1. Between Leu118, Leu110, Leu93, Leu148, which is over 28 Å from Asn306 (Cβ atoms), in contact (Cβ under 8 Å) with a residue 40 or more places away in the chain, not in a helix (DSSP H, G or I) and not small (Gly, Ala, Ser)?
2. Of the numbered conditions (1) in a helix (DSSP H, G or I); (2) modelled with pLDDT under 85; (3) among the acidic types (Asp, Glu), Asp3 satisfies every one except a single condition; which is it?
3. Taking the range 261-306 only, how many residues are in a loop (DSSP other than H, G, I, E, B), under 20 Å from the mean Cα position of the chain (by Cα) and of a type in the set (A, V, I, L, M, F, W, C)?
4. Could you tell me which residue of the range 127-156 is nearest to Ser197 (Cα to Cα), considering only residues that are among the hydrophobic types (A, V, I, L, M, F, W, C) and surrounded by fewer than 16 Cβ atoms within 10 Å (Cβ to Cβ)?
5. Restricted to the range 178-200, and to residues that are free of Cβ contacts under 8 Å to residues at least 60 places away in the same chain and either in contact with a Leu (Cβ under 8 Å, 6 or more places away or on another chain) or in a loop (DSSP other than H, G, I, E, B) (or both), which residue is surrounded by the most Cβ atoms within 10 Å (Cβ to Cβ)?
6. If you go through the range 174-195 one residue at a time, do you hit one that is at pLDDT below 90 and within 29 Å of the chain's Cα centre (by Cα)?
7. Kindly list the number of the only condition in (1) surrounded by fewer than 19 Cβ atoms within 10 Å (Cβ to Cβ); (2) part of a helix (DSSP H, G or I); (3) at pLDDT below 85 that fails for Thr251.
8. Are any residues in the range 202-220 out of contact with any Pro (no Cβ under 9 Å at 6 or more places or on another chain) and without any contact (Cβ under 8 Å) to a residue 24 or more places away in the chain, and if so, which ones?
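The values are calculated or read from the model by the stated rules, or taken from the named source; none is laboratory data. Fair warning: this is a prediction, and the values are worked out from it, not measured in the lab. Every residue, glycine among them, receives a Cβ derived from its backbone with ideal geometry; neighbour counts consider all protein chains shown.
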Amino acid sequence: MQDNNSLPNKNKSYLKNIIHSSGFSSFSSALMAIFLGLVFGFLVMLIAAPGNALAGFQYVVLGGFNRIADVFYFATPILMTGLAVGFAFKMGLFNIGASGQYTMGMFFALYVGFMWKLPDNIHWIVAILAGMIGGMLWGFIPGIFKALMNVNEVITSIMFNYIGMYLVDMLIKGNSVMYISDKTRTKYLPASAQIPSLGISGSNVNLGIILAIIIGIILYIVLQKTTFGYELKATGFNKYASEYAGMKGKTNIIITMTIAGGLAGLGGAFAILAPSAIAGSSMTYEPINIIAANGFNGIAVALLGNSHPIGIIFSSAFISHIQRGGTLASLVGYKPEIIDVVIAVIIYFSAFAMIMNSALAKFIKGRLEKMHTAHASEDELEHTDLDKVSDNNTKEAE
């Protein structure tokens with residue numbers, strides 16, 4: 001028969017294992033960062049316009065629920081760029097070039113959409129794959145510099161953001177099939193090149209969000225359940241030890257940056273190939289020499305999700321949610337940039353995740369130890385009382 005007294009100890013041990021797990025640490029730090037960021041954002045609103053602070057804050061926190069389809073649509077590209085940054089970070093690389101890879105992927109997708117005549121049922125699929133190839137090319141080059149010449153990937157990838165942006169703008173402006181000069185933007189893509197819509201009226205949400213989530217899950221399986229993923233993470237932890245163990249560090253660097261670039265390129269393809277809420281139209285690109293913001297938003301998403309593919313899926317949805325709510329805050333007199341302040345503070349606190357994890361873990365550990373000590377004292381008193389009763393019974397029997 002199982003001792004009932006052992007059950008609380010088993011429950012405490014199970015709870016302790018959860019608390020000390022890396023997943024719990026990441027989750028708790030993300031929640032703390034979000035909470036502190038929202039509190040700071042509310043204080044900024046309170047200073048800017050005290051009378052509308054509560055209404056504006058409600059829009060920020062809850063407004064996205066009224067535009068849930070748009071939340072998923074805008075989450076799609078930052079989910080992919082977040083995966084691009086997070087995947088490279090697992091290898092110990094900081095892929096700050098997601099914007100350039102995103103833009104190059106978008107151009108490759110546009111080129112196939114406009115210039116290639118393909119059957120309707122595969123045109124959009126080929127365009128997506130072309131976007132992935134464009135991003136892979138723009139990730140491969142910094143990977144080569146890093147692996148073969150040990151050039152810091154932060155420097156090369158951020159330089160390639162500008163090179164990619166200017167190059168794409170130049171190529172689009174020089175292509176009369178794609179570009180409408182008097183409107184300073186590209187034409188609408190043919191219907192065959194557009195990603196199938198999910199059929200939600202008044203929204204651009206499409207099959208891209210489902211594909212992006214599936215890619216995130218596949219990435220998690222590759223990193224956690226395969227030898228290839230283990231080698232990548234081992235190289236990221238210590239490239240010298242991994243090379244001593246027979247792993248190909250330089251090859252892994254090139255492969256990692258290429259895959260990361262492909263993920264960001266897919267983000268660009270998903271963004272530009274999306275059907276518009278206006279029937280018969282699509283997304284368009286305006287070549288105005290500005291680096292794509294979605295690449296840098298991906299860095300924020302990756303940091304908040306602790307570079308974990310599943311965490312990045314949820315953090316992209318959250319960032320998109322408060323961005324949609326932030327646009328509604330203008331209804332009560334706030335500038336949309338207020339949400340950028342909130343996101344910036346959230347990411348700032350996410351950067352101190354280890355400190356917050358340590359403080360939270362120490363607090364919970366102290367509480368558990370006090371509970372354990374109190375429970376042990378109660379058990380000791382109970383056993384002492386039972387011993388006294390037993391001794392009294394023995395004396396009476398004698």
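1. Leu118
2. Checking Asp3 against (1) in a helix (DSSP H, G or I); (2) modelled with pLDDT under 85; (3) among the acidic types (Asp, Glu), the one that fails is (1).
3. The total comes to 2.
4. Val154
5. Lys183
6. no
7. Exception for Thr251: condition (3).
8. The answer is Ile210, Ile214.
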